[in-house]
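Visitor: If you scroll down you'll find the structure; I have some questions about it.
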Amino acid sequence: LSSSDGVLELDLETASTRIQVGGREASVQTFNGSLPGPTLRVAPGDTIRVTMTNRLEAPTNLHVHGLHVSPEGNGDNPFLSIGPGKSFDYEFILPEDHPPGTYWYHPHRHGYVADQVAAGLYGAILVEDLEPVPAARERVMVVSDLSLDGSGNLAEVNQMQQMMGREGEVVLVNGQVRPRLTAAPGERERWRIVNACPSRYLRLQLEGQRVQLLSRDLGRLPVPEETTEVLLTPGNRVELLVETTEGSAKLVTAPVSRGGMDAMMGGAMMGDNSAGGDEAIELLTLEVSGDRAQTPNPVPAGPALRDLRQEPVAARHTLDFAMGMGGGSAMMDGAGSGENTMMAFTINGREFDAARTDTAVAVGTVQEWTLTNSSPMDHPVHLHVWPMQVIEDDGRDVPEPRWQDVVNVPARRQVKVLIAFDDFPGRTVYHCHILDHEDQGMMGTVEAR
Ligand code: C2O
Ligand code: CU
Ligand code: CU
């Protein structure tokens, strides 16, 4: 769906839906009956108006992940709740200088996020380039995972899976199991990839093809970088340029170790308690054959990136992500899936409380945040509205400006980011994008005034 005259207007309806997944009838949840939901295409300066209607039995809401838009009122407000049978009118106004790139939308009602995203509620948002990137074609790939039981219903999730972050047994690309794509040799394709899995990290590899990284989360790199592998934690996006060579190439996700509980429990726990799996999973096949295409035009350089290290830092904050035994669940609101958790998922020692402001920032300032992880598992940290520039990753300086809106903080390590709170007063959230952790309390509030 594309905007016209600067406005994109649409209805989105969440509902339980029977669809085919990998040749099986499955009960999932969808936006407008499809998995993923419709792809929204807009330009900087556009307005998106969504009438969202909730046909689920649980409350929900809508979040536009990564978009730099107001968190207030009927904008990207994560505190809203749309009850079963209710509707809400959203309006998201993109600034004229909004970075182009691949973004996405998903529900964000605390306590239900992992269940609803795992069930199928997500879709892509594309913000158009300032200057087109020449490519034979563009492919949007929303990667997700889910587990079905014998009757095609979503499998129940146990406490251990919630603690580790659930990983679905089947990995889908646009709702399909291992789709086959075709191209001619010598073509350039642009792949816009979204990691919409609730917890699964993707380590993407495409053997036998030339791959360049064009964009990470938002904007684009000034010059595409040759790459053989990219890591996407939940919520991350990448855009890749694939220059095709004759043959059959598989896109796989290689195993990722994102820590586990074993270290924490002194090795005392039995069974599968480390996340990630240990085998590569095939996502799709690209078949390249036929007559050689004409050599594509070179990719024009993108604009230089703003380097926040050149700007004064007005304040510093530390956020510590921790998991502890004997978690209280007082903050959980009843039906949330984390109700009887035995772990506490905290930031600076506290579980999420929508009524409390955890971090206050001044509009118009640049801040340095140190994200520390005192737990034995990685946490992918996400801040709404304002993107982060990673300046120190695991003790090492990051030499070039690197913008992301989800940043992985490895187990027992720290990462430093700079954030420019240039505009948009209002309150919103930061959280772990392992959505089970978020639902169990690993989320805090930030207010820009
Ligand atoms: Cu993609 Cu607050 O989330
Ligand atoms: Cu988000
Ligand atoms: Cu986490």
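The values are calculated or read from the model by the stated rules, or taken from the named source; none is laboratory data. Fair warning: this is a prediction, and the values are worked out from it, not measured in the lab. So basically every Cβ, Gly included, is an ideal-geometry build from the backbone, and we count neighbours across all protein chains shown.
Visitor: Among the residues of segment 18-35 satisfying the criterion of being touching a residue at least 40 places away in the same chain (Cβ under 8 Å) and in a loop (DSSP other than H, G, I, E, B), which is farthest from ligand 1 (Cβ to nearest atom)?
Guide: The residue in question is Gly23.
Visitor: Need pairs with beta-carbon distance below 7 Å; first residue modelled with pLDDT of 95 or more and within segment 79-92, second polar (S, T, N, Q) and assigned to a loop (DSSP other than H, G, I, E, B); sequence gap 6+ or separate chains.
Guide: Leu80/Asn61; Ser81/Asn61; Ile82/Asn61; Asp89/Asn74; Tyr90/Asn74; Glu91/Asn74
Visitor: On to the next question. Can you pull out every residue in segment 412-427 that is more than 16 Å from ligand 1 (Cβ to nearest atom), among the hydrophobic types (A, V, I, L, M, F, W, C) and outside any strand (DSSP E or B)?
Guide: Answer for segment 412-427, where residues must be more than 16 Å from ligand 1 (Cβ to nearest atom), among the hydrophobic types (A, V, I, L, M, F, W, C) and outside any strand (DSSP E or B): there is none.
Visitor: Got a sec? Which strands (runs of 3 or more DSSP E) wholly within segment 36-90 have at least 2 residues that are under 17 Å from the mean Cα position of the chain (by Cα)?
Guide: Details: elements: 40-42, 47-54, 63-65.
The strands (runs of 3 or more DSSP E) meeting that bar are 63-65.
Visitor: Looking at Val363, Val407 in this structure, which one is within 16 Å of ligand 2 (Cβ to nearest atom) and either outside the structural domain of Phe92 (by TED's automatic domain parsing) or assigned to a loop (DSSP other than H, G, I, E, B) (or both)?
Guide: Values: Val363 fails: within 16 Å of ligand 2 (Cβ to nearest atom).
Sole residue among the options that is within 16 Å of ligand 2 (Cβ to nearest atom) and either outside the structural domain of Phe92 (by TED's automatic domain parsing) or assigned to a loop (DSSP other than H, G, I, E, B) (or both): Val407.
Visitor: Which pairs turn up if I take residues in segment 376-394 that are under 20 Å from Trp104 (Cβ atoms) and in contact (Cβ under 8 Å) with a residue 12 or more places away in the chain and look for partners that are of a type in the set (Ser, Thr, Tyr) and not in a strand (DSSP E or B) with beta carbon separation below 7 Å, at least 6 apart in sequence or on another chain?
Guide: Pro380/Thr233
Visitor: Of the residues Ser144, Ser151, which is touching a Phe, Trp or Tyr at 6+ places or on another chain (Cβ under 9 Å) and polar (S, T, N, Q)? I'd like the intermediate steps shown before the answer.
Guide: Details: Ser151 fails: touching a Phe, Trp or Tyr at 6+ places or on another chain (Cβ under 9 Å).
Exactly one of Ser144, Ser151 is touching a Phe, Trp or Tyr at 6+ places or on another chain (Cβ under 9 Å) and polar (S, T, N, Q), namely Ser144.
Visitor: Also, I was wondering about something else. Might you check whether a residue that is more than 14 Å from ligand 1 (Cβ to nearest atom), surrounded by fewer than 19 Cβ atoms within 10 Å (Cβ to Cβ) and assigned to a loop (DSSP other than H, G, I, E, B) occurs anywhere in segment 428-447?
Guide: No, there is no match, as no residue in segment 428-447 is more than 14 Å from ligand 1 (Cβ to nearest atom), surrounded by fewer than 19 Cβ atoms within 10 Å (Cβ to Cβ) and assigned to a loop (DSSP other than H, G, I, E, B).
Visitor: To continue, here is another question. Quick one: which residue in Leu121, Leu172, Leu130 is within 16 Å of the chain's Cα centre (by Cα) and in a loop (DSSP other than H, G, I, E, B)? Before you say what the answer is, go through the steps one by one.
Guide: Details: Leu172 fails: in a loop (DSSP other than H, G, I, E, B); Leu130 fails: within 16 Å of the chain's Cα centre (by Cα).
Step by step, each of Leu121, Leu172, Leu130 is checked, and only Leu121 is within 16 Å of the chain's Cα centre (by Cα) and in a loop (DSSP other than H, G, I, E, B).
Visitor: Report, by residue number, each residue of segment 395-411 that is more than 16 Å from ligand 1 (Cβ to nearest atom) and under 18 Å from Tyr201 (Cα atoms).
Guide: Passing the criteria: Pro410, Ala411.
Visitor: Let me ask you something else. Before we move on, is Val415 within 16 Å of ligand 2 (Cβ to nearest atom) and either in the same structural domain as Val194 (by TED's automatic domain parsing) or in contact with a Leu (Cβ under 6 Å, 6 or more places away or on another chain) (or both)? Don't jump to the end; show me each part of the working.
Guide: On the way: within 16 Å of ligand 2 (Cβ to nearest atom): no; either in the same structural domain as Val194 (by TED's automatic domain parsing) or in contact with a Leu (Cβ under 6 Å, 6 or more places away or on another chain) (or both): yes.
When the stated conditions are applied, Val415 does not pass them.
Visitor: What is the one condition in (1) more than 16 Å from ligand 2 (Cβ to nearest atom); (2) charged (D, E, K, R); (3) surrounded by fewer than 22 Cβ atoms within 10 Å (Cβ to Cβ) that Glu72 does not satisfy?
Guide: (1)
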